[in-house]
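What follows is calculated from the coordinates using simple rules that are stated; it is not laboratory data. On a predicted model such as this, the values are computed, not experimentally measured, just so you know.
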């Protein structure tokens, strides 16, 4: 039995939900008491946090890199610190002119050096970490397989639905594909639509855009209404740190995928088997068109995609691994 303090970005943040919150019932099943707090936003909140740190056997920190004065006190008062990252936080994101930042790298190094263990969402992030902390375990972002069931492929539809799920911080990847979707809309006039599950949206001229407000309660059913899942990225250092959650959600309901073959996407999607890799606009148009025209292929690839989850991308598989890392 142990006590665990879990520090997260927010209970509605996808990374928080899938990297740690979904595991709490399992941790508690094995006698652990888990307390969840969002990161402090003021000096007073930090002081309150420092006061309670000695009560816990382990503190699980999701992504946050503390400033040096706070980090020093944090390390002095916490018995064990496990740091979790599912993004390339040592670099700037894809919207920046340059990925390199001495400040981000320094804060990342300071953080991981003072932790007892680091959990990385993929091998790229683990490789970026091992120079500064030798105790790194790769635990991929996973979904609860029991929550996701296969879509009904026999449902008759007037349009083939290309779908994307994500938050406002990532929608720029999809918006950069606007020309691709416009061309698809022209080719299959009236026979295809784009569905965006998010909290922000954009419009297209030649393809209808179905805008769905994201909700934890409805996301699985909304995913089942999609016929082709997409995950476009850029080929940059930030994108190499991505952990493929969208693809896993698509596979959870049995969707074929078209994605940019960057980072973990290349490990999850097998080109021509359970989806397609696309780098150029022409490749995106080609492979989306292939799937739009062939319902049988969509089903075959979607079913193969579902089987990928059993290769280590489910909550059920990774719960014991997370518990072992937290307990040390």
Length gained when the stretch residue 310-residue 216 is fully extended (0.36 nm per residue, less Cα-Cα span)
31.6 nm
Over region 55-206, with a single point scatterer placed on each C-alpha, what log10 of the ratio I(q)/I(0) does the Debye formula yield at q = 0.09, 0.13, 0.16 1/Å?
-0.48, -0.81, -0.99
Run the Debye formula on the Cα coordinates of region 146-311, all scatterers equal and no solvent, and tell me log10 I(q)/I(0) at q = 0.14 1/Å.
-0.64
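Quick one: in the chain, what % of C-alpha pairs are over 32 Å apart?
Numbers: 16920 of 53628 pairs.
Of all Cα-Cα pairs in the chain, 32 percent lie more than 32 Å apart.
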Scale the Cα Rg of region 1-73 by the rule-of-thumb value 2.2 N^0.38 Å and send over the ratio, two decimals.
1.12
Please pull out the direction-averaged projected area of region 254-328, using the convex hull of its alpha-carbon atoms, in nm² to one decimal place.
5.6 nm²
Three principal axis lengths of region 1-140 [C-alpha, angstrom, descending]
45, 32, 30
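Which whole-number percent of Cα pairs in region 59-147 have a distance greater than 24 Å?
Details: 835 of 3916 pairs.
Value for region 59-147 (Cα pairs over 24 Å): 21 percent.
Suppose a student asked you for the relative contact order of region 146-311, using Cα pairs under 8 Å spaced at least 6 residues apart; what percent would you report?
On the way: 296 pairs, mean separation 37.1, N = 166.
Dividing the mean separation by the residue count of region 146-311 yields 22 percent.
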